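The structure appears right after this line, and notes come after that.
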Amino acid sequence: MGLGPLSLYLTTIGAIALAVAFLLAVARTTLLALERPAVLVSAAGPAVTAPSAAPGRTAWAIAHAFTWVAAITLGAGLVARGVLVGRGPWGNMYEFSVAFAFGIVAGWLFLRRRYPIDPIAFLPLGVALFLVGYAATLPATIGPLVPALDNAPLLTIHVAMAMIAYGIFATSFGAAVGYLIQGPEDRFSWLPSHRVLDEAAWRAVVIGFPVFATMIILGSWWASIAWGRYWGWDPKETSALVTWLIYAVYLHARNQRGWAGRPSALILVIGFGAVLFTYFGNLFFSGLHSYSGL
Amino acid sequence: MEEAWSTLSVAGIPLGPPLVALFDALGLFRVFTTPGFILLLSVLVVAIICCTIDRTPRLWHSLHHVVVEQPAGFFDPVLPERSRLAAGPLDPDAIAAAFRARRFSVRRATSPDGSVAWVYGDRYQYLKLATLLTHLGLIAFLGAGAVSAAAGFETVVFVGVGQSAPVRPVGTPGNLLVKVLDFQAPRRADGTFADFRTDLAVYRDGERIARRTIRVNEPLELEGYRFHQNTFGPAADLTIRDAAGALLWTGPVILAGEIAGRPQGFLTIPGTATGLLIVIDRAAEGGSRLVVQGVVDDPATGGTRTLFQGALAPGEEARPEQTGGVAIRFEGTSAWTGMVIRNDPGQPIVWAAFGFLIVGLVLTFYFPRRRVWARVEDGTIALALLGDRHVDLGREHRAVSELLLARGALPAAEPLPAAAGVAGAAPGNGSGTSRSRY
């Protein structure tokens, strides 16, 4: 089997695994949310309230396994495609959509090792599933790059940085949404505490922010080589800068009285909206980043 | 950008043109060069500078002034990241050695009566200053933009194969001249361009000082100038003679415009008042043909008047009596190449700015300051840790405690800090400690 079909099969398996993981994560969170304390009535006397075992534990264990399967197969599919094309496999919207989804899943798996945030798994996994679904609507054919993109080292590193940063920001988005639902008063026992969500979101941004900055800097360097200027207010450049500034505002705001908590979480939601706008923006705006292959 | 918006339609209703008109009236297509935007950028720079100046003394104070001798209340176990161990055989020297093993810089103090000893460890103490580097990077980046705008030079030249063009205006001392020796734009089987490259020579005072084939990702750098391959297009090779046979023009005419989807250009015939409007068209029998229209100014109308019009096949020549007294020969088609030539003194500043920015960010986020105090009294070690927001202080607390235990300390009544991370760090993991007064 050639690397091209292999990559396609692996990506398909990854997409299916991701779909299963997402559905199970939704099921598990739903079970957690619907849980009511079990009431035991003993023959001898009054009703006794006892905590039940964590519901959906099996569902989550399977979901977690499928998340790993998705990460491994999507990653392997990218590696196979990268070997085939001799560069980072993110030269068009199909390739980058798969890479973005992989980045989200990998970022999620990395952060959940340190933070007990499984009940919000369906949020980043849902975004990743949407992206592979979107990729499925795009042509997966391997074509040559336009001359402007013909810089394999910079293409590989510049876009890889975007993949890592975008991916990790998806988890900060999930944690921020969880925070907004949970509130500082910890309204729901089925969600992680607001402090855990806040810390996980913060950690994700602390990891992603310098990576995102590096992505912009490498893009600027590449622009100076290919287009003769390091900054040209191209729509994608501008959108990336605005996104970066939103996360910079978050980093400053989170430690400020009056901005910590809900306002900071809201900034993260807006920030991820900006990430998606930056990602999809070249479909709507002309500019020098119009390499979607569509 | 205007073109992208102009084609917008919803449910068959063309919304693009009125939107383009609206956006244009609001100046949105040129927003980044408007005075308002420049003013906002300037306000941003001033705000960053003011905030940095305001913050620096407090930052320095928090780094430089350290209180080693903390009172007993500072080690109260109800506070975050506090614990107690039985000293066992560990004396302050051994505790200091343990802290050093965790790469802390150590300072020590003893009470006047010798009953209490403090060991203080500080890791990445001064790296907190890296935040200044980050902000300096931002300011330098915006400053570089100002330098580029004020002192940078940029020109775009379209040059046909075999032609040359000056870089600066004619007459500029030491001016450079570029000459296109060759241009290639090979196509793939699907018709797309695989590459485009210009064989470029650069001259000064008639002497060639550089030659290189430039591509999109491979510019020529020379004496502060960068020559970037930017675009290309078709050209029509013409030879024009007057009625006596004297040569008026030979070489490519750049067809950088477009009429009805066909390449179009214009040439004023040297030494005459006649202009040639030229379009390359597809001949009915295949191949290309040159459609040429001769025009002159018409003072009566203030516009132009057509002298002649016709079409030529490659290698064909129009006689002077057909074309206003000049013989026009269409030699064939060739190409022109478009290059961006820049001299940007802001560029070194921007790379330095990026360096400051990224080094500052990496140091700030990945090497955050963390501090540990040990108060040794009555055979007990009281531990207290503080750290920046970026520190997983629970993990650090556990690592320090485990190291002390491994070196002979004994567990006290309080449990050790739970597993690293927020997951189990019940007493807190540094929340709210970054602005400690200690």
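Looking at A:Ala223, A:Ala135, A:Ala213, A:Ala148, just one residue is over 29 Å from A:Arg114 (Cα atoms) and facing chain B (nearest Cβ under 10 Å), and that residue is A:Ala148. Every test in (1) within 28 Å of A:Ala223 (Cβ to Cβ); (2) touching a residue at least 40 places away in the same chain (Cβ under 8 Å) is passed by B:Val202 save one, and that test is (2). What number of residues within region A:237-263 are at pLDDT 85 or above and more than 18 Å from B:His390 (Cα to Cα)? The number of residues fulfilling the criteria is 12.
Of the residues making up region B:339-368, those that are over 16 Å from the mean Cα position of the chain (by Cα) and facing chain A (nearest Cβ under 7 Å) are B:Val340, B:Leu361, B:Val362, B:Phe365.
Yes/no per residue for (1) surrounded by 14 or more Cβ atoms within 10 Å (Cβ to Cβ); (2) touching a residue at least 24 places away in the same chain (Cβ under 8 Å); (3) of a type outside the set (Gly, Ala, Ser); (4) part of a helix (DSSP H, G or I):
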residue: B:Ile48; (1), (2), (3), (4): yes, yes, yes, yes
residue: B:Ile53; (1), (2), (3), (4): no, no, yes, yes
residue: B:Pro57; (1), (2), (3), (4): no, no, yes, yes
residue: B:Pro80; (1), (2), (3), (4): yes, yes, yes, no
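Table: residues versus (1) surrounded by 15 or more Cβ atoms within 10 Å (Cβ to Cβ); (2) within 25 Å of B:Leu363 (Cβ to Cβ); (3) in contact with a His (Cβ under 9 Å, 6 or more places away or on another chain); (4) without any contact (Cβ under 8 Å) to a residue 40 or more places away in the chain.
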site: B:His64; (1), (2), (3), (4): no, yes, no, yes
site: B:Gly73; (1), (2), (3), (4): no, no, no, yes
site: B:Leu85; (1), (2), (3), (4): yes, no, no, no
site: B:Arg100; (1), (2), (3), (4): no, yes, no, yes
site: B:Tyr124; (1), (2), (3), (4): yes, yes, no, no
site: B:Thr131; (1), (2), (3), (4): yes, yes, no, no
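Taken together, the residues in region A:151-161 that are closer than 20 Å to A:Gly4 by Cβ and within 7 Å of chain B (Cβ to nearest Cβ) amount to 0. Of all residues in region B:150-190, those satisfying the criterion of being assigned to a strand (DSSP E or B), over 18 Å from B:Arg208 (Cα atoms) and hydrophobic (A, V, I, L, M, F, W, C) are B:Phe153, B:Val156, B:Val157, B:Phe158, B:Phe183. Of the candidates A:Gly126, A:Gly107, the single residue that is surrounded by fewer than 21 Cβ atoms within 10 Å (Cβ to Cβ) and assigned to a helix (DSSP H, G or I) is A:Gly126. Flag: A:Trp190 does not match the condition of being surrounded by fewer than 21 Cβ atoms within 10 Å (Cβ to Cβ), within 14 Å of chain B (Cβ to nearest Cβ) and not aliphatic (A, V, I, L, M). Which condition from (1) surrounded by 24 or more Cβ atoms within 10 Å (Cβ to Cβ); (2) more than 13 Å from chain B (Cβ to nearest Cβ); (3) more than 30 Å from A:Trp222 (Cβ to Cβ); (4) over 13 Å from the mean Cα position of the chain (by Cα) is the one that A:Gly91 breaks? Every listed condition holds for A:Gly91 apart from (3). Scanning region A:229-247 for residues that are surrounded by 22 or more Cβ atoms within 10 Å (Cβ to Cβ) and at the interface with another protein chain (Cβ under 7 Å from one of its Cβ atoms) turns up just one, A:Tyr230. Look at region A:247-259: where a residue is touching a residue at least 40 places away in the same chain (Cβ under 8 Å) and a partner is assigned to a loop (DSSP other than H, G, I, E, B) and of a type in the set (A, V, I, L, M), sitting 6+ places away or on another chain with Cβ atoms under 8 Å, you get A:Arg254/A:Ala260.
For (1) within 25 Å of B:Ser148 (Cβ to Cβ); (2) surrounded by 15 or more Cβ atoms within 10 Å (Cβ to Cβ); (3) in contact with a strand residue (DSSP E or B) (Cβ under 9 Å, 6 or more places away or on another chain), each residue gets a yes or a no:
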{"position": "B:Leu307", "(1), (2), (3)": "no, yes, yes"}
{"position": "B:Gly315", "(1), (2), (3)": "no, no, yes"}
{"position": "B:Thr323", "(1), (2), (3)": "no, yes, yes"}
{"position": "B:Ile328", "(1), (2), (3)": "no, yes, yes"}
{"position": "B:Trp336", "(1), (2), (3)": "no, yes, yes"}
{"position": "B:Met339", "(1), (2), (3)": "yes, yes, yes"}
{"position": "B:Pro348", "(1), (2), (3)": "yes, no, no"}
{"position": "B:Phe356", "(1), (2), (3)": "yes, yes, no"}
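Quick grid of which residues meet (1) within 14 Å of chain A (Cβ to nearest Cβ); (2) within 31 Å of the chain's Cα centre (by Cα):
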position	(1), (2)
B:Val159	no, yes
B:Tyr203	no, yes
B:Gly206	no, no
B:Arg226	yes, yes
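Scanning region B:372-390 turns up at least one residue that is of a type outside the set (Asp, Glu), more than 11 Å from every other protein chain (Cβ to nearest Cβ), within 30 Å of B:Leu85 (Cβ to Cβ) and out of contact with any helix residue (DSSP H, G or I) (no Cβ under 8 Å at 6 or more places or on another chain).
The values are calculated or read from the model by the stated rules, or taken from the named source; none is laboratory data. Keep in mind that this is a model prediction, so the values were computed, not measured. Note: ideal-geometry Cβ built from the backbone for every residue, glycine included; neighbour counts use all protein chains shown.
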